[in-house]
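The values are calculated or read from the model by the stated rules, or taken from the named source; none is laboratory data. Model, not experiment: these values are computed from the prediction. Note that each Cβ is placed from the backbone with ideal geometry, even for glycine, and that neighbours are counted across all protein chains shown. Keep in mind that these areas ignore ligands, DNA and RNA; they rest on the heavy atoms of the full protein, side chains included. Shrake-Rupley method; radii C 1.70, N 1.55, O 1.52, S 1.80 Å.
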Amino acid sequence: MNPALKKLTKYIHLEADRGYDNRAVVGGLQNMLQPWEAEARATGLPNETIEVVLAKLKDYPQLATDTRRQVLDDLKTQLKTDFPELEIRVLPKTDHELRRPIQRSGDEDRPSTEAILTPEIAEDIPEKAKVVEKVIKPLATLAIEPERTEAEEPKKIVKPSEPPAAMEAPLTTIAGIGPKSAKTLRKLNLETLGDLLWHLPRRYDDYSQLKTINRLWYGEEVTVIGTVEDIQVRTVRSGRMKLIEAVISDGSGSLRATWFNQPWITDKLRPGRPIVLSGKVDQYLGRLTMNNPEWEALDRKQLHTNRIVPVYPLTAGVTSKWLRRVIHSVVTRLAPRVPDPLPQSVLQSADLVTLKIALQQIHFPDDMEQLRRAQHRLAFDEMFLLQLGVLRQKNEWDQLSCQPLPVDDAWITSFTEALPYTLTLAQQNAFMDVRNDLATPHPMNRLLQGDVGSGKTVIAAAGIGITAKNHSQSAYMAPTSILAEQHYQTMLDLLPPAAGIPAEKIKLLIGATPEAEKKSIREGLAEGEIQIVIGTHALLEEPVNFNRLGLVVIDEQHRFGVDQRATLREKGDNPNLIVMTATPIPRSLALTIYGDLDLTVIGEMPPGRLPVETRVLMPIERPRAHRFIASQIEKGHQAFIIYPLVEGSEKLQAKAAVDEHQRFQQEFFIEYKVGLLHGRMRQDEKEAIMAGFRAGEYHVLVSTSVVEVGVDIPNATVMLIEGANRFGLAQLHQFRGRVGRGEYKSYCLLIPDSEDEADNERLSALESTNDGFKLAELDLDYRGPGDFLGTRQHGFAELHTARLTDVKLIEKARKEAVRLFNKDPLLERDEHTLLAQEMIRFWTTGKGEIS
């Protein structure tokens, strides 16, 4: 017997004996995975088995008790199948499973609602007698209607009360949901009663407008109450389909309703039966009709008609009516018992409904106003928790200490006067922000944002100069080697004359740096001889250590993940941080996902910079654009031609660029040299092409979106973007920023895929403004926040009801969060206990630093 397998079996048995409390191993089962994996591989256990074990147990701590038992049982079955000689016993059931309804023999997935396991029934079963007093009496089984066809009559349902603990109960505790249905619902990420409670509608059908038939209008969605006058079944389409036609009358008129392939309806809608009918009014041969309307018996509680009807996300095997009934039962029982995490002071100040009411009304609203208030409450909760987390992270950062890095006014004057140009007012203000931050005993955590060409790099140079003046080191990280080389050259031009830093103390460390030089740079950094290093991910490598790292500058911060930034920070003792982006951040996002950072905006362009002229062309005007590029080349300039990502496929994207590159070289620009750049190329190949383009070896560069983060090509005067409608405005603005960086008039030409007016109307915004902030706000409205999140996407895309475009809600939630945070930053007061628990839950998926 393999020793690792034997040990795993022991863990499973011990965990089962403890009631699946995740304490069979000190620290939980997840803590034994790494040493167990090492032993399993060393003892020759098959890789397939190891991977199955790791996959099954990695999320074990987050699972509900019943789900833990199911996971271990599945793992036991898998191991027994693969290793028949393995001795592994039947795992005991959890308390929840002991309360499951009795199953009918031979009908495993259809528990009988007449045989729900109540305390009385359980007392007749000797082996379950001990469970009754502890579990069943205080927590009876929640029962709802079982899944059935419309032809079946509803059965009488037992609906005992359910305390909040049932939120973690598996779906199979509901009579009518067996293992098969539960497996289907897992496709919708529904595993517990709490999941069902928070399975929110994706939209609503408003059937609350009750009208008489004589007042109906073609095209409106209404509800009608009437009596079945007649019902017929006809065979259509060569006998392949059954058409059911019913005539409904309410005394004011009659209406024809039709259904396809639902013959059981004839058994339910017998003449003389009063029903409620909801749907869209149509017309056929001059008569009013409803095609496939929702209907219910008049004497039943109306969930599907005569109200605002919730429409939920579905999957194959789940019908909307059945899921609506299931959720209604859960909402009715659980919503009143869900504890409200918001303290009364916030509810009153923000004028919010209680969570109980919000959950009831979000699923089954009484009217549109109640629905709006419910949606507002749930959206506020998400934004409020988001704001509290951001405030907490900012507060934690502000509590850290570091060595102050002050300079006097004389140094500031000397630095600015030595620059080859005069700083704009916005740059001067940014300079003061950085200076003031560095002078404090707390590390700077500042986001420096400015449009393409606004002059962010010189502010970074100023911070580096101040750091060097205080005998500390700086690390400047760029996303690509060619950008790192560009920043290195800029630092060599600025820092020796302005800050008095010798050129030999400024070094470049990238992947292509010769190994001997890398070793010398690493030694110089460790000894403190090198004051500034500019590089790429090579700066994150383990051998790179600093003697006294005081400042980290990260360019195009959305290109780096949290782990990379944290690694660079750990190389110093709470070093100061400047992160820079040329993507303007809309105000709503600055208040939320970047709310933990101090924000500096350079909203002014240096004087003398010519604006890029932008034009939207129709696809039919493409030859005109090519002729214009040729005329610019004849004047000695260069041009970019960009192709979009096609359906998310890098292969398709590269293929399009390759084909067009060949066509341009062979048909349009035969006399000129055309370069090619795309995402499938190796990094060194891409950088060689860009270096060649910058050196003038290519007249035209055909590329995909990899040129967005940009290198200065002062001689490039034309940016032609094909399929421009596929890009966001912010991204198009970044492309546009690749030209117009020299002394020549430059142009940006946008060609959408079609003449679709909506696309062209959106793109025309680029014609009317060069203001990146205006375009960012428009882009947020058009496309949502995705383009702005970058590596901060994790933790913010999980918002279900709140929108990162809702500035009013964001400001309201921030106001309440700041007020509460100032009173109780650690949420230690008794009235904030539930809120503290909700904070932990909300931030579980986004834990750690987000800057």
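Every residue in segment 38-59 that is assigned to a helix (DSSP H, G or I), open to solvent by 60 Å² or more (accessible area, probe 1.4 Å) and not small (G, A, S), please. Passing the criteria: R41, N47, E48, E51, K56. Tell me, yes or no, whether segment 749-767 has at least one residue that is under 18 Å from the mean Cα position of the chain (by Cα) and at pLDDT below 80. No, there is no match, as no residue in segment 749-767 is under 18 Å from the mean Cα position of the chain (by Cα) and at pLDDT below 80.
Restricting segment 465-495 to residues that are of a type in the set (G, A, S) and closer than 14 Å to P575 by Cα, the residue that is surrounded by the fewest Cβ atoms within 10 Å (Cβ to Cβ) is A468. For segment 71-91, residues that are free of Cβ contacts under 8 Å to residues at least 60 places away in the same chain, surrounded by 15 or more Cβ atoms within 10 Å (Cβ to Cβ), under 25 Å from M167 (Cα atoms) and of a type outside the set (V, I, T) total 1.
Within segment 398-435, the residues that satisfy the criterion of being under 22 Å from P575 (Cα atoms), open to solvent by 40 Å² or more (accessible area, probe 1.4 Å) and in a loop (DSSP other than H, G, I, E, B) are L400, S401, Q403, P404, P406, D408. Within segment 768-783, being within 28 Å of the chain's Cα centre (by Cα), buried (at least 19 other Cβ atoms within 10 Å of the Cβ) and either modelled with pLDDT under 70 or closer than 21 Å to I642 by Cβ (or both) holds for G772, L775, A776, D779. Restricting attention to segment 680-730 and to residues that are open to solvent by less than 20 Å² (accessible area, probe 1.4 Å) and in a loop (DSSP other than H, G, I, E, B), the residue that is nearest to V612 (Cα to Cα) turns out to be I713.
Restricting attention to segment 504-525, the residues being open to solvent by 50 Å² or more (accessible area, probe 1.4 Å) and hydrophobic (A, V, I, L, M, F, W, C) number 2. Of all the residues in segment 207-259, those that are of a type in the set (F, W, Y) and in contact with a helix residue (DSSP H, G or I) (Cβ under 8 Å, 6 or more places away or on another chain) number 1. Entry remark, segment 1-34: residues being among the small types (G, A, S) and either surrounded by 15 or more Cβ atoms within 10 Å (Cβ to Cβ) or part of a helix (DSSP H, G or I) (or both) number 4 in total.
Residue under question is Q62, and the condition is that it be more than 29 Å from the chain's Cα centre (by Cα), open to solvent by 40 Å² or more (accessible area, probe 1.4 Å) and not charged (D, E, K, R); does it hold? Here the answer is no, as Q62 does not meet what is asked.
The set of residues in segment 251-262 that are within 19 Å of L216 (Cα to Cα) and either polar (S, T, N, Q) or open to solvent by less than 50 Å² (accessible area, probe 1.4 Å) (or both) comprises S252, G253, S254, L255, R256, A257, T258. The residue of segment 169-191 that is least open to solvent (accessible area, probe 1.4 Å), among those that are of a type in the set (V, I, T) and assigned to a helix (DSSP H, G or I), is T173.
Each residue in segment 532-542 was checked for being open to solvent by 30 Å² or more (accessible area, probe 1.4 Å) and among the polar types (S, T, N, Q), and 0 pass. When segment 796-824 is filtered for residues that are under 29 Å from Q62 (Cα atoms), modelled with pLDDT under 90 and not charged (D, E, K, R), the ones remaining, listed by number, are F796, A797, L799, H800, T801, A802, L804. If you check W259 against the conditions, is it closer than 14 Å to V281 by Cβ, of a type in the set (F, W, Y), more than 27 Å from the chain's Cα centre (by Cα) and outside any helix (DSSP H, G or I)? No: the conditions fail for W259.
When Q449, Q370, Q360 are screened for being in contact (Cβ under 8 Å) with a residue 40 or more places away in the chain and either of a type outside the set (K, R) or open to solvent by 10 Å² or more (accessible area, probe 1.4 Å) (or both), only Q449 passes.
Scoring A335 on the criteria (1) small (G, A, S); (2) open to solvent by less than 10 Å² (accessible area, probe 1.4 Å); (3) over 25 Å from D205 (Cα atoms) leaves a single failure, condition (3).
Out of (1) part of a helix (DSSP H, G or I); (2) at pLDDT below 85; (3) surrounded by 13 or more Cβ atoms within 10 Å (Cβ to Cβ), what's the single condition that is false for Q666? Failed condition: (3). Of the residues making up segment 230-249, one or more are assigned to a strand (DSSP E or B), in contact with a Pro (Cβ under 8 Å, 6 or more places away or on another chain), touching a residue at least 12 places away in the same chain (Cβ under 8 Å) and open to solvent by less than 50 Å² (accessible area, probe 1.4 Å). Criterion first (exposed (fewer than 13 other Cβ atoms within 10 Å of the Cβ), modelled with pLDDT of 75 or more, within 29 Å of Q393 (Cα to Cα) and not basic (K, R)) does D830 satisfy it? Against the criterion (exposed (fewer than 13 other Cβ atoms within 10 Å of the Cβ), modelled with pLDDT of 75 or more, within 29 Å of Q393 (Cα to Cα) and not basic (K, R)), D830 qualifies. Taking the condition of being part of a loop (DSSP other than H, G, I, E, B), open to solvent by 70 Å² or more (accessible area, probe 1.4 Å) and farther than 17 Å from V233 by Cβ, how many residues in segment 263-289 meet it? So the answer is 1.
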